[in-house]
Amino acid sequence: MSTDDDSFHPLGEEWEGELETMLDDTEYDSELGMQMAQDAMAVTKGELSEAAFHEKYHDDVMAEFGEDQRPTQEAYEQAQSDETGTVGRMLDKFDGDGEESRRETMKKMGAAGAAAVGLSAWGAMDDGQPAHVATAEDGDDGGDEGTQLGMVLDLERCDGCLSCVTACQEENQLDQGVNWMYILDYEDSTPGGRNRLIRPCQHCSDAPCEKVCPTTARHTRDKDGLVLTDYDVCIGCRYCQVACPYGVNYFQWEEPDVSTDEIRDIYSDMDGDHMTDDRDRWVDSRAPRGVMSKCTMCPTRQDGHMGEDYVGTTACEEACPPDAIQFGDMNDPDSAPQQYLSNVVQSRARMQVDGQSPNMEEVQESYDFLDEEIELLDMEFMPGPDRDEIEAALFIQGEIDEDDLSLDEEELRDVLLDILDDEFEDELDEEELSEDDLESIVDDLLDGVEDGDDIERALAAMDTVIADSEDAIQDVVDRYESREITPAEVEEALEIVDGAEPEDVVISEGGITDEATAQQVLEAYAGDDASTFKLLEDIGTNPNVTYIGNEPGPEAEQVDGPVAYDDVGLTDNRKEVLDEETVGDFGVSL
Amino acid sequence: MSTKTPSEADILRPIDNFSKKYFILFGVAGLALGAFMVGWMYQLWQGMAVTGLSDWGSGGGVTWGLYIGAFIWWVGIAHGGIILSAAVRLLGMDRYMPVARLAEMLTLAGLSAAGFFILVHMGRPDRMVTSVLGHYHITVNNSPLVWDVTVITAYFVLTATYLALTLRYDITRLRGQLPDYLEPVYKVLTLGYTKKEDKVIERMVWWLALAIIIMAPLLLHGGVIPWLFAVLPTYPGWFSAVQGPQFLTIALTSAISGVIILSYAFRRAYDWDHIITDDIFRGLMLWLGFFCLLFLWLQLQQLTVGSFAPATDLATATDSKFSHWMYVVPMLMVLGVLAFIFAQTVRPSLFSKTRSIIAAVLVLMATLVEKTYFVIAGFWYPTFSIYEATPGDYFPSVIELLSLTGTIGLVVLFFLVVSKLVPVVELHAIEHLNGEHGHDHESDHEAATEPEVDA
């Protein structure tokens, strides 16, 4: 957001100038306004405290406006009452507020400062940011409650592929059987629905594991609410593992397979070693021997050590093909998980329809072609034979001439041969014709020969290519107008439930989407709204993972999933690995 | 009852004499301890994977096993000290005076063994001091483990103080008959002693005993130790207010059993029939019977509540109790002991020292097995039992089993050494038996009240 000129405003000197002009039009002191704006910017950055800001301009504001209703008054009064005269306290007053959300602070700025400067700057910041980076910024700031990272897990979208487990294992260099992320299918007494559970650490707000830890090794990180283990402090008593209701802890019973040097090597490109976080504590990647570990929700990513792009992401979320994992600030209504949760049907439809065909653009093009507003070759969308074949066929038909042909001679010949291979497939199989014969037919076609059985057939094949193309396009429109829900109609429905007018959005009234049916279309496509739940919510751990889908009952029992852990190079049951090290294994169990 | 008169020479006999049997026992105990130490070194070298433990949940095992079961067991045994001391000093049950000091020493030995288990079961014992003490001011507010360590340490220190104070009386009076080469030890023990302090010390140890009797049974084995488990809501086998009292009864039964065995060993080794009399064993057996009754009664509470109309998770946990040998057999053993002791009450001729020893051994075995079952069954039947790998597999590995024999060896060694340093029977006891202090002898058939037990 920085500019090369001297302006304090993120949008630059010119914009600053324009704002100043706007201020000049008012009856109030522009210079005061600009100065306040500059300092307001400093407050949002945390370089100046609200109390200091308030104090600095109080007299001027009183003189200029006759009153000072700025919301920073509270901070000022608080600072006054806190002051006890120690030097440290006095110095602290001039530090930034730290946790205060940029947005929150800017919202609070009144009068000349924020309205002109802050909101426009905010607008500039938010434009065009991909969702996860916006989440990252949300994650860095805090609301009044502070950031609490967590997840929304859509169990209906999970397909049990174990990509997330693999990704976590690779990200953190975990041993076999140490499944910080874990997927399990289960059978339950209640019928219906998919029964699969995604089981990361829940990063509870009232984590029993933290409560029972005798050393504070298991702790909650202030800035984002992640529950982490300090590998340098942990004494390996395993009480956190005992206290955890969910079974997410994995003790490092033996020397880990991957050394810390190797980890450092793997992450040598990043800022940091994927082990120590911003507070210089060793909390990330696999644990050393004799110490407890569990899902960390990737703190070194959140700290920006892997680069800005990775802030607000986790390895599992990134790897999940059906986007079942939404990670972000559970206290921020605009974060990805909360947005997903606010309308599950929409969110699912949005994800499911991404990249599907035929979408709105494609259907629109199809209509345009059938309405003869565009030509076949004008279309980007080619549901039938591909562009090369169409071009070749049109060329042979004489519809287009050589200048319009994008194929060179050799390519043209190859395409024509392909078409003829299909047409004369039987004859080739029965060896009535050879490849050379086809080559000469191609020659004839290019020379414009029209007589002869084979030529006639070849020409007919050209016609067929065009006809197939047109049929395919017609087919798309037919599908759109039928009872089938095409991706295009899902897109229409999404826009309509987002608030667009149906007449502005819908491609043709022949389609099935209108205001009344939009939500039904989404539900039919992506599934009904499903219940949300938190695991073992009545235990009072306040987990920060919200699930969408079926909650496992008390008698639910794990069964094999579609993908076995062995199949992807992982191990499901840790004990099988550990038993190899057991001294005097009697081979029986109590 | 022997016709011999208890004398100072009697209680000094262990200190001066070294017999063949002593050395053999020393060797065996030393071997047991040594084997365990070797195992422990190997564990420190290779990691905890050498045990039969594993993560619970998807990990397919249990994360606390024999180490913790034995830990609880030893702390229970260690409660014998305060029970006997309190009985003598606070309740005036002078009959048990001859075994009081042995019991107190058993406390120190038992707590040492328990402390060993804490170290052994940790992944990073080297950090015990820095990590725990360094954050004590925070963790003492919320971690049951820290409470545990605090109370055990307090119990140890208080008992050691108690012993040190009461030893002064004996050492000063017996100084001339004690070996010279141990003079430095005695000097330290009797630092600043004057005869005037006797009465003061009497008062002090009375208050010490009171403090310990409130703390140890109520807050240690009836408090912080069961709380390790009982405060966790997702383990139906554990989560109950009954665990406090339940664990206390286990402590009481184990403690008395330990004292019975210990007393008998010393009596036999040093011909102390006239000091540690049959009377004492009869009395101890009665108390053992009473505590066994309480133990079984509280188990009955759990079985009833757990099986009448339980929630699904509690039902599973209770079902296991009814079918698993690690629960059923110990219960039957204790029931058998109780039955015998009841019979002995009705027909006193049934008493014999051998039978008492057997009873004590049975109770000790039962409590060890049941406690270990308690620990591992928690992980077998948690509320969140969805994992296919739960209940997990577990069998103590060789190193874990060695820890058991090793700590028993440790305790034996402790007594072998200590009995060579100081008298293990109070001089007061000898004086009392000879009627020198003008105390009234308690009636031999006292009522079986147990004020220090809060059921």
Subject >> The lone exception for B:L33 - which of (1) touching a helix residue (DSSP H, G or I) at 6+ places or on another chain (Cβ under 8 Å); (2) in a loop (DSSP other than H, G, I, E, B); (3) of a type outside the set (S, T, Y) it fails >> reply: (2)
Original post:
Which ones in the range B:190-222 are buried (at least 20 other Cβ atoms within 10 Å of the Cβ) and out of contact with any His (no Cβ under 7 Å at 6 or more places or on another chain)?
Top reply: B:L208, B:A209, B:I212, B:I213, B:L220, B:G222
Subject >> Residue count for the range A:536-549, restricted to those that are surrounded by 16 or more Cβ atoms within 10 Å (Cβ to Cβ) and either facing chain B (nearest Cβ under 7 Å) or closer than 29 Å to B:S320 by Cα (or both) >> reply: 3
Subject >> Enumerated helices (runs of 4 or more DSSP H) restricted to the range A:343-431, each holding at least 3 residues that are of a type in the set (A, V, I, L, M, F, W, C) and surrounded by 14 or more Cβ atoms within 10 Å (Cβ to Cβ) >> reply: A:344-353, A:360-370, A:387-397, A:409-423
Original post:
Taking the range A:164-207 as the search range and keeping residues that are among the acidic types (D, E) and assigned to a loop (DSSP other than H, G, I, E, B), which one is farthest from the chain's Cα centre (by Cα)?
Top reply: A:D188
**OP:** Just give me the residues in the range A:183-226 being closer than 19 Å to A:I539 by Cβ and free of Cβ contacts under 8 Å to residues at least 40 places away in the same chain, in sequence order.
**Re:** A:E210, A:K211, A:V212, A:C213, A:T220
**OP:** Could you please tell me which pairs satisfy a Cβ distance under 7 Å, a separation of 6+ or placement on different chains, a first residue in the range B:11-35 that is closer than 23 Å to B:E431 by Cβ, and a second residue that is among the charged types (D, E, K, R)?
**Re:** B:P14/B:K420; B:I15/B:K420
Subject >> Residue count, the range B:42-72 (criterion: in a loop (DSSP other than H, G, I, E, B) and touching a Leu at 6+ places or on another chain (Cβ under 9 Å)) >> reply: 13
Original post:
Can you name every residue in the range A:297-311 that is in contact with a strand residue (DSSP E or B) (Cβ under 8 Å, 6 or more places away or on another chain) and closer than 21 Å to A:C158 by Cβ?
Top reply: A:M297
Subject >> Pick from the range B:89-99, criterion out of contact with any His (no Cβ under 9 Å at 6 or more places or on another chain) and of a type outside the set (K, R), ranking: farthest from B:L286 (Cα to Cα) >> reply: B:L90
**OP:** Among the residues of the range A:557-583, count how many are within 31 Å of the chain's Cα centre (by Cα) and either more than 7 Å from chain B (Cβ to nearest Cβ) or farther than 27 Å from B:T51 by Cα (or both).
**Re:** 13
Subject >> Unique residue being more than 14 Å from every other protein chain (Cβ to nearest Cβ) and assigned to a helix (DSSP H, G or I) when the list is B:V363, B:V328, B:V369, B:V375 >> reply: B:V363
Subject >> Which numbered condition B:W147 misses (of (1) farther than 25 Å from B:I430 by Cβ; (2) more than 14 Å from chain A (Cβ to nearest Cβ); (3) in contact (Cβ under 8 Å) with a residue 24 or more places away in the chain) >> reply: (2)
Subject >> Matching residues in the range A:529-551 - criterion: being assigned to a helix (DSSP H, G or I) and over 23 Å from A:G146 (Cα atoms) >> reply: A:D538, A:I539
**OP:** Test A:A349 against the criterion of being closer than 30 Å to A:C161 by Cα and within 12 Å of the chain's Cα centre (by Cα), and give yes or no.
**Re:** no
**OP:** Determine, yes or no, whether A:E145 is assigned to a loop (DSSP other than H, G, I, E, B), away from chain B (no Cβ under 14 Å) and either surrounded by fewer than 23 Cβ atoms within 10 Å (Cβ to Cβ) or at pLDDT below 95 (or both).
**Re:** yes
Original post:
In this structure, does A:C161 turn out to be assigned to a helix (DSSP H, G or I) and modelled with pLDDT of 95 or more?
Top reply: no
Original post:
How about the range A:1-107: which helices (runs of 4 or more DSSP H) wholly inside it have at least 3 residues that are hydrophobic (A, V, I, L, M, F, W, C), modelled with pLDDT of 75 or more and buried (at least 20 other Cβ atoms within 10 Å of the Cβ)?
Top reply: A:30-44, A:50-65
**OP:** Could you check, for the range A:505-527, whether at least one of its residues is of a type in the set (A, V, I, L, M, F, W, C), within 14 Å of another protein chain (Cβ to nearest Cβ) and outside any helix (DSSP H, G or I)?
**Re:** no
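The values are calculated or read from the model by the stated rules, or taken from the named source; none is laboratory data. Here the structure is a predicted model, which is why all the values come from computation and not from measurement. When we count neighbours, we look across all protein chains shown, and the Cβ atoms used for this are built from the backbone with ideal geometry, even at glycine.
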